[in-house]
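Here is the structure we will look at.
No lab work stands behind these numbers, since they all come straight from the coordinates. Just so you know, these numbers come straight off a predicted model, no measurement behind them. Backbone-built Cβ (ideal geometry, glycine too); neighbour counts: all protein chains shown.
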Amino acid sequence: MEIDPVNYDVDELRELFGGDSPAGRLEAHTEEDGFLWPSKSQHWALGIEDPTAEQHKWLLKLLDGADRSTVESKPYLQAIPEGESARGLVLDWLEFLAETAGSWGAIDALSRYREIGWVTPAVEQDLRDHMLGVRWRDGDGYEALDTADHLLSFAYVVKLVTLA
């Protein structure tokens, strides 16, 4: 005789194995995007974060016309392009990082991007030098950056590569 757990009530199965029934706890859960979450604030714990509407807007704007082949090998950004548009883009990126994580958090993020091969050590140093043009801000540090923030940083890297 084959026992198929699908044919049994979940609460009954939990009782059989000494587990408690989640019936009361399920009422406190939130359904989002077809998933049942303990609460809306638990998304970050699972590493699942959607870009905000503003981040999404910036991603689309930044990646317009980007060619996938520009980021086929690491380090992606080997030099900061010349010109005012590239300089403006760099300052926008650094402003974004400093606003989100504070100036020290922005500097830590640049180091991390070098470590994972998004930028070369020379580019990291150039970006640090550009931080002098960004208003200094206190903040919560690198930990304040979420997955969507790093995705937006990657979009800045891609855009700078396409300007090179």
- Task: Report, by chain and number, residues whose modeled amide H sits under 5 Å from the one on Leu77, excluding near sequence neighbours (fewer than 5 apart, same chain).
- Result: Val119, Thr120
- Message: For a protection proxy built on the mean count of beta-carbon atoms within 10 angstrom, sort 91-98, 108-115 highest first, please.
- Response: 91-98, 108-115
- Backbone HN-Hα couplings from phi across the range 130-135 [Karplus 6.51/-1.76/1.60, Hz, Gly and Pro as x]: 5, 4, 5, x, 10, 4
